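These notes concern the structure reproduced below.
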Amino acid sequence: MTSTDQQPFLSIRDLKVHFSTEDGVVKAVDGLSFDLARGKTLGIVGESGSGKSVTNLTILGLHDRDRTAIDGQILLDGNDLLSANERELERLRGNKMSMIFQDALASLSPYHTTGKQISETYRKHTGASKKESRQRAIEMLRRVGIPQPDIRVDDYPHQFSGGMRQRAMIAMALVCDPELLIADEPTTALDVTVQAQIMDLLKDLQQEFGTAIIFITHDLGVIADIADDVLVMYGGRCVEHGTKNGVLRAPQHPYTWGLLGSMPSLEGPVDVPLSPIPGSPPSLLNPPSGCSFHPRCAFTEKVRSGLCAAERPPLETAESHGAACHLTADQRRDFFADHAAPRSH
Ligand code: ADP
Ligand code: MG
C-alpha cells in the first residue's frame, strides 16, 4: 500500500482563510477540518455567510488572494493544494477537481458557443484533437440530458433555458472526469422540478464516474436527498459533522436543531410553521467569545455558568458523529426530544 492509499481522498486540516479589510480581519473560515472519500457526497450546510463558498473556492485555488491569509492543510489525493502553484492548480482543476456554481450564466462565457466551451476545456486538459473534443462535448451534452445535442452544441448559452444552462455547466465540469466535484448551491435558482432532475443527474453521474462530491446548500431537504455525510458550518467553523442519518435524525447541536426547525418536515405533509432561528449570524470581524453560537442559543443556562461565553467547545471527533457544544450527551438527547416533540404531530 502506498501512503496515498491510507489517506482519505480529500483531507482538510485546520483550514483558516482570513481576509484583511478596511474594517479589520474577516475570519471567513477559522479552523475547519474534514475528510471526504472517493465516490462519496459531503453536504455542507449553514446560513448565508458561514464560510461555505470561501472554503470551497480555497480548495480549488480560486479564492481572492489579495490580502488573504491562509493556514492549514488541504490534501487532494496526496497533492498539497495550498502549496501548489497556479500552473499545478490549473492542471488539477479539470482532471482532478471542478466546480459548478449557482449561476451558470456567470460561469459560461456569452461570447462562445456552449459546445466550444466544453470542447476547449477537454482539449486543454487532454490534448485531444478539435474533432474528438467536439464529439466529446456532444456526448457530454447528451449525458446531461440536452435534447438534440449534435445541434445544440452550436448554441450560445443565452439560447438555453436556465435548467439547460445548468446542465451544460455540469457537462463542462464533468468533461474531464474530475474525481472531485464541488457543487455550490447549484440548484438554488431553479424551480423544484428542474432541481429534482439536476439532483438525479448528479447522482447518476456520480454512480457512473465514482466522483466525490461536496454539495453546498442551505436546504436540508437537498442534503437529505444527496448526502452521505453532513457538515454544519457556523461562523467559519464546523459545529456538527456526521452521517446524514445521524445529523438529520439525531442532531447534536442547538444550531442544527434550529436549522431543522426552520425547514418543512422532511417527510409527510408540510404542516409545521417555519420558525427561523432568532438573532443573526455572528460577525466574522469580531466573533463572539467562546461558542460563537452562544448569543443565539436557548440552552446556555443549562451549562455551567458562563462557560458558553468563556470557552469554545471542541468538536468531538472520536465518534463518526460529533458536535462542538458544552451540553452533555444526555442533555442533548433530552433537549432534542423536547425540541422535536411539536414536530412529531
Ligand atoms: P457562504 O456560507 O454564504 O457561502 P461565504 O463563504 O461566501 O459564505 O462568505 C463567508 C464570509 O466571508 C462572509 O462574511 C463574506 O462577506 C466574507 N468574504 C468572502 N470573501 C471575502 C473577501 N474577498 N474579502 C472579505 N470578506 C470576504
Ligand atoms: Mg456561498
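Things worth noting here:
- A dipole drawn for the chain from +1 and -1 charges on Cβ atoms has a positive end, and of Ser133, Leu108, Ala309 the residue lying farthest that way is Ser133.
- Toward the positive end of the charge dipole of the chain, with +1 on the Cβ of Lys and Arg and -1 on the Cβ of Asp and Glu, the farthest Cα among Ala69, Gly24, Leu220 is that of Ala69.
- The loop-placed GluC sites (Glu not before Pro) in the range 18-99, going by DSSP, that have at most 10 neighbouring Cβ atoms within 10 Å of their Cβ come out as Glu22.
- Between the exposed loop cleavage positions of the chain, defined as trypsin sites (Lys or Arg not before Pro) in a non-H, G, I, E, B DSSP state with at most 14 neighbouring beta-carbon atoms within 10 angstrom, the longest gap is 68-303.
- Set of aspartates and glutamates near Lys96 by C-alpha distance (under 18 Å), chain-local residues within fewer than 8 positions excluded: Asp5, Asp35, Asp77, Asp80, Glu86, Glu88, Glu120, Asp177, Glu179, Asp184, Glu208
- P(r), alpha carbons of the range 1-81 - 5 Å bins starting at zero, rounded %: 3, 13, 24, 25, 17, 10, 5, 2, 1, 0
- Taken per residue, the accessible surface of the chain reaches 48 Å², heavy atoms only and a 1.4 Å probe.
- DSSP bridge analysis restricted to the chain gives an antiparallel fraction near 60%, rounded to the nearest 5.
- Accessible-area composition of the chain, carbon plus sulfur, in percent [1.4 Å probe]: 49
- The Rg/Rh ratio of the range 106-177, with Rg taken over Cα atoms and Rh as the Kirkwood radius over Cα pairs, comes to 0.92.
- Nearby lysines by direct alpha-carbon distance to Lys244 (threshold 22 angstrom, same-chain neighbours under 8 apart not counted): Lys40, Lys52, Lys203
- Leading residue at positive end of dipole, the chain (Cβ point charges), from Pro251, Ser119, Leu174: Ser119
- Note on the chain: with charges restricted to the Cβ of Lys and Arg (+1) and Asp and Glu (-1), its dipole about the Cα centre is near 560 debye.
- Here's the list of aspartates and glutamates a cross-link from Lys16 could span, going by alpha-carbon distance under 13 Å and ignoring same-chain residues fewer than 8 apart: Asp30, Asp71.
- Normalised by 2.2 N^0.38 Å, where N is the number of residues, the alpha-carbon radius of gyration of the chain equals 1.05.
The values are calculated or read from the model by the stated rules, or taken from the named source; none is laboratory data. Quantities reported herein were computed from a predicted structural model and do not represent experimental measurements. Cβ: placed from backbone, ideal geometry, glycine included. Neighbour counts: every protein chain shown. For accessibility, only protein heavy atoms count, side chains too; no ligands or nucleic acids. Shrake-Rupley method; radii C 1.70, N 1.55, O 1.52, S 1.80 Å.
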